[in-house]
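Please treat every number below as a calculation from the coordinates, not as lab data. As the structure is a prediction and not an experimental result, all values here were calculated from the model. Note that each Cβ is placed from the backbone with ideal geometry, even for glycine, and that neighbours are counted across all protein chains shown.
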Amino acid sequence: MTELTDHTALTDREVRARLRAHQDGGPISRLFETGEITEETFIALAGVCADRCDRDGRDEEAEQVMDVAEYVQAVGERPAVPNWSTR
């Protein structure tokens, strides 16, 4: 998988676009809908979602999810972001 040079360089819209098809009703959905990041968010992205994409042969999707996982790791935990869905 390709690494981003600066994981925080993803815009809010890019994060949402990469997660749109991967909402899980849990931490990924909370990040998608509100920008909230918890300790479970990275695990859900890297340990579940990206692995599933990889196993299913969706390498590009897995890479995009891992970019978001690395963004999440770089940003760290945070509460919901005001106006997240319009940023």
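If a residue must be part of a helix (DSSP H, G or I), closer than 19 Å to T11 by Cβ and not β-branched (V, I, T), how many such residues does the range 61-87 contain?
Within the range 61-87, residues that are part of a helix (DSSP H, G or I), closer than 19 Å to T11 by Cβ and not β-branched (V, I, T) number 12.
Can you go through G25, G47 and tell me which one is part of a loop (DSSP other than H, G, I, E, B) and either under 18 Å from T11 (Cβ atoms) or among the small types (G, A, S) (or both)?
On inspection, the qualifying residue turns out to be G25.
Just wondering, is there one or more residues in the range 41-50 that are surrounded by fewer than 20 Cβ atoms within 10 Å (Cβ to Cβ) and either acidic (D, E) or touching a Leu at 6+ places or on another chain (Cβ under 8 Å) (or both)?
no
Specify which of the listed residues (R30, R87) is touching a helix residue (DSSP H, G or I) at 6+ places or on another chain (Cβ under 9 Å), surrounded by fewer than 16 Cβ atoms within 10 Å (Cβ to Cβ) and of a type outside the set (S, T, N, Q).
Among R30, R87, only R87 is touching a helix residue (DSSP H, G or I) at 6+ places or on another chain (Cβ under 9 Å), surrounded by fewer than 16 Cβ atoms within 10 Å (Cβ to Cβ) and of a type outside the set (S, T, N, Q).
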